Amino acid sequence: MFTPDLRPQVCSRRWLLARLAAISAITGAPRIAWAEAETAPSALDQMLNVMDFEPVARAATPVAHWGYLATGVDDDRTVAINREAYSEVEIRARRFVDVSKVDLGVSMFGVTHPSPVYLSSVSHQRAFNPIEGEIGTARAAAARSALMLLSNVASTGVEDVAEARGGPVWMQLYATDDWEVTKAVVKRAERAGCPAIAFTVDNMPGRNNETLLRAMREDKRVCTSCHVNNSHDPLRTPMYQGLDVSRVKELSPSALSWDYLDRLRDLVSVKLLIKGIVTGEDAAACVEHGADGVIVSNHGGRNEETLRATIACLPEVAAAVAGRVPVLVDGGVRRGTDVFKALALGATAVGIGRPQAWGLAAFGQKGVEAVLAIYDRELRVIMRQAGTPDTASIKPASVISHLA
């Protein structure tokens, strides 16, 4: 069982080394070399960047749960390329611009958010922190006034998350092949006050998550010791409670069509975004079929080994949308400079997935708050260097892209 003592607020160096060594053979070497592990940060006030949270979170998380978070598809190359591709974009520094005041705010659907960085949907968050889970993340979002996109298969229901957030959250949606189930989830989200629903279309069945499978082999715990309560089965998670799911054969069915999107558009009374769009032609079609926004995403590389980074897909999607609806992006964002580059290439807002889970696993709510604060701090610094006093000033001319 994933117990509280596996996630201390301050990890000893010896404990951290032992935990990292125990799982290194399963999920690959950590970011830090073993010779450098004695200098690994272990307390919240020692976290210099969001990557510093990763080894601490990894040490605090059961092996199979870490494999679930870390996994990609096949060789995990798309996971890596999502991150690596940001190094193909240069930022042009500008001088003689008054940047004594820097405004990170962005507006979407008539609401101004103090930062373009939002918490993307991460499922089963009690797997990473069984005490706080999505509630801790929601409270962190409230503390930072950050937008939160709640997973359809979260381990906490939308009503409780919205209460912890102290305001509405956006809801991520997986379709099912039973329309009545999909309809019930949508209407529950709307009743909970969600102003937007993000329909995910990239979660095709049959993905080959080898890193997860290897981690599951190594984890010797009895799986049902936590997954009965934490609802690892997607159809047993809180958003499906009280529904007859006996006819559901596929979550995110492979038979999705534009007709399905039209039907969903007629059903959803709030804003509808399509998550998982990576080409210009699909983006344009989404707008034509009534979408209020698109999210450029490959599920963090978890669902497809296409070797296309989301930041590489962003420009063609933004060009196809041509300003008609907001364009959001996630995947591989690890620095405030990455956020800047995404905004320059056409993003309205930028989502973070794994880093929020690292913060949650390592330090709970305060860890997620710290992760968000680091992104904002780094973004503010690079905006000054680039001569961009507000996010509206960040233009394609702010960067030089070498992306294919």
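Does Leu235 qualify as being closer than 28 Å to Glu190 by Cα, modelled with pLDDT of 95 or more and not in a loop (DSSP other than H, G, I, E, B)?
Values: closer than 28 Å to Glu190 by Cα: yes; modelled with pLDDT of 95 or more: no; not in a loop (DSSP other than H, G, I, E, B): yes.
No.
Restricting attention to region 142-177, which residues are farther than 23 Å from Asp292 by Cα, modelled with pLDDT of 95 or more and in contact with a Lys or Arg (Cβ under 8 Å, 6 or more places away or on another chain)?
Ala142, Ser155, Thr156, Ala164, Arg165
Would you mind telling me which numbered condition in (1) closer than 30 Å to Asp178 by Cβ; (2) not in a helix (DSSP H, G or I) Gly323 fails?
(1)
With the structure loaded, tell me whether Leu328 is touching a strand residue (DSSP E or B) at 6+ places or on another chain (Cβ under 8 Å), within 22 Å of Gln172 (Cβ to Cβ) and either crowded, with 24+ Cβ neighbours inside 10 Å or of a type in the set (Asp, Glu) (or both) or whether it fails that test.
Values: touching a strand residue (DSSP E or B) at 6+ places or on another chain (Cβ under 8 Å): yes; within 22 Å of Gln172 (Cβ to Cβ): yes; either crowded, with 24+ Cβ neighbours inside 10 Å or of a type in the set (Asp, Glu) (or both): yes.
In short, yes.
Of all residues in region 161-185, which are in a loop (DSSP other than H, G, I, E, B) and crowded, with 24+ Cβ neighbours inside 10 Å? Quick ask: steps written out before the conclusion?
Applying the first criterion (in a loop (DSSP other than H, G, I, E, B)) to region 161-185 yields 166-169, 175, 177-178.
Scanning region 161-185 gives Val169, Ala175.
Got a sec? Which helices (runs of 4 or more DSSP H) wholly within region 56-152 have at least 1 residues that are within 24 Å of Met239 (Cβ to Cβ) and of a type in the set (Asp, Glu)?
Details: elements: 63-70, 77-84, 133-144.
By residue number, 133-144.
Being touching a strand residue (DSSP E or B) at 6+ places or on another chain (Cβ under 7 Å) and hydrophobic (A, V, I, L, M, F, W, C) narrows it down to one residue among Ala342, Ala373, Ala362; which is it? Even if it seems obvious, please write down each step before you answer.
Numbers: Ala373 fails: touching a strand residue (DSSP E or B) at 6+ places or on another chain (Cβ under 7 Å); Ala362 fails: touching a strand residue (DSSP E or B) at 6+ places or on another chain (Cβ under 7 Å).
From the options Ala342, Ala373, Ala362, the qualifying one is Ala342.
Would region 379-396 turn up any residue that is touching a residue at least 12 places away in the same chain (Cβ under 8 Å), within 30 Å of Trp66 (Cα to Cα) and surrounded by 20 or more Cβ atoms within 10 Å (Cβ to Cβ)? Spell out how you get there, then give the answer.
Filtering region 379-396 down to residues touching a residue at least 12 places away in the same chain (Cβ under 8 Å) leaves 379-391, 394-396.
Then keep just the ones that are within 30 Å of Trp66 (Cα to Cα); that gives 379.
Among the residues that remain, those that are also surrounded by 20 or more Cβ atoms within 10 Å (Cβ to Cβ) are: 379.
Checked region 379-396: at least one residue is touching a residue at least 12 places away in the same chain (Cβ under 8 Å), within 30 Å of Trp66 (Cα to Cα) and surrounded by 20 or more Cβ atoms within 10 Å (Cβ to Cβ).
Given the residues Val106, Val99, which is the only one that is farther than 20 Å from Cys194 by Cβ and either touching a strand residue (DSSP E or B) at 6+ places or on another chain (Cβ under 7 Å) or surrounded by 13 or more Cβ atoms within 10 Å (Cβ to Cβ) (or both)? So that I can check it myself, show each step before the final result.
Values: Val106 fails: farther than 20 Å from Cys194 by Cβ.
Residue meeting the stated conditions: Val99.
State all residues of region 76-132 that are on the phi > 0 side of the Ramachandran plot and not small (Gly, Ala, Ser); if no residue qualifies, say none.
Going through region 76-132, the residues on the phi > 0 side of the Ramachandran plot turn out to be 76, 96, 109-110, 124.
Within region 76-132, Asp76, Phe96, Phe109, His124 meet the criteria.
Provide a single number: the residues in region 120-166 that are over 15 Å from the mean Cα position of the chain (by Cα), under 22 Å from Ala59 (Cβ atoms) and among the hydroxyl-bearing types (Ser, Thr, Tyr). It would help to see each step written out before you state the result.
Narrowing region 120-166 to residues over 15 Å from the mean Cα position of the chain (by Cα): 126-127, 129-132, 135-136, 139, 142-145, 155-166.
Imposing the further condition that a residue be under 22 Å from Ala59 (Cβ atoms) reduces the set to 126-127, 129-132, 136, 155.
Narrowing the set further to residues that are among the hydroxyl-bearing types (Ser, Thr, Tyr) leaves 155.
Selection size over region 120-166: 1.
For region 109-138: of the residues being β-branched (Val, Ile, Thr) and touching a helix residue (DSSP H, G or I) at 6+ places or on another chain (Cβ under 8 Å), which is surrounded by the fewest Cβ atoms within 10 Å (Cβ to Cβ)? Quick ask: steps written out before the conclusion?
The first filter runs over region 109-138 and keeps only residues β-branched (Val, Ile, Thr), leaving 111-112, 117, 122, 131, 135, 137.
Remaining after also requiring touching a helix residue (DSSP H, G or I) at 6+ places or on another chain (Cβ under 8 Å): 117, 122, 131, 135, 137.
Values: Val117: 30, Val122: 25, Ile131: 12, Ile135: 21, Thr137: 33.
Looking at residues that are β-branched (Val, Ile, Thr) and touching a helix residue (DSSP H, G or I) at 6+ places or on another chain (Cβ under 8 Å), I get Ile131.
What do you reckon, is Leu273 of a type outside the set (Phe, Trp, Tyr), closer than 28 Å to Ala189 by Cβ, touching a strand residue (DSSP E or B) at 6+ places or on another chain (Cβ under 7 Å) and part of a helix (DSSP H, G or I)?
Details: of a type outside the set (Phe, Trp, Tyr): yes; closer than 28 Å to Ala189 by Cβ: yes; touching a strand residue (DSSP E or B) at 6+ places or on another chain (Cβ under 7 Å): yes; part of a helix (DSSP H, G or I): no.
So Leu273 fails the test.
Residues being among the charged types (D, E, K, R), under 22 Å from the mean Cα position of the chain (by Cα) and at pLDDT below 95: count how many of those fall in region 241-288.
Going through region 241-288 one residue at a time, the tally reaches 0.
I'd like the full set of residues that are in contact (Cβ under 8 Å) with a residue 40 or more places away in the chain, over 16 Å from the mean Cα position of the chain (by Cα) and surrounded by fewer than 20 Cβ atoms within 10 Å (Cβ to Cβ), limited to region 188-204.
If the condition is that a residue be in contact (Cβ under 8 Å) with a residue 40 or more places away in the chain, over 16 Å from the mean Cα position of the chain (by Cα) and surrounded by fewer than 20 Cβ atoms within 10 Å (Cβ to Cβ), then Glu190, Pro195, Met204 are the ones that fit.
For the list (1) buried (at least 24 other Cβ atoms within 10 Å of the Cβ); (2) in a helix (DSSP H, G or I), I need the number of the one condition that Lys366 fails.
It is condition (1) that Lys366 fails.
Of the conditions (1) closer than 20 Å to Met108 by Cβ; (2) in a loop (DSSP other than H, G, I, E, B), Phe340 satisfies every one except a single condition; which number is it?
Every listed condition holds for Phe340 apart from (2).
Is it the case, given these coordinates, that Val158 is over 23 Å from Gly336 (Cα atoms), touching a strand residue (DSSP E or B) at 6+ places or on another chain (Cβ under 7 Å) and crowded, with 23+ Cβ neighbours inside 10 Å?
On the way: over 23 Å from Gly336 (Cα atoms): yes; touching a strand residue (DSSP E or B) at 6+ places or on another chain (Cβ under 7 Å): yes; crowded, with 23+ Cβ neighbours inside 10 Å: yes.
So Val158 fits the description; yes.
Inside region 153-180, can you point out the residues that are within 18 Å of Leu272 (Cβ to Cβ) and in contact with a helix residue (DSSP H, G or I) (Cβ under 8 Å, 6 or more places away or on another chain)? Step through it out loud before you land on a result.
Residues of region 153-180 within 18 Å of Leu272 (Cβ to Cβ): 158, 168-176, 179.
Correct list: Val158, Pro168, Val169, Met171, Leu173, Tyr174, Ala175, Thr176, Trp179.
State whether the residues of region 7-19 include one that is modelled with pLDDT of 50 or more and among the basic types (Lys, Arg). So that I can check it myself, show each step before the final result.
Let us first name the residues in region 7-19 that are modelled with pLDDT of 50 or more, namely none.
The answer is no; no qualifying residue exists.
The values are calculated or read from the model by the stated rules, or taken from the named source; none is laboratory data. It should be emphasised that the depicted structure is a prediction, and the values quoted were computed from it without experimental measurement. Positions of Cβ are backbone-derived with ideal geometry, glycine not excepted, and every protein chain shown enters the neighbour counts.
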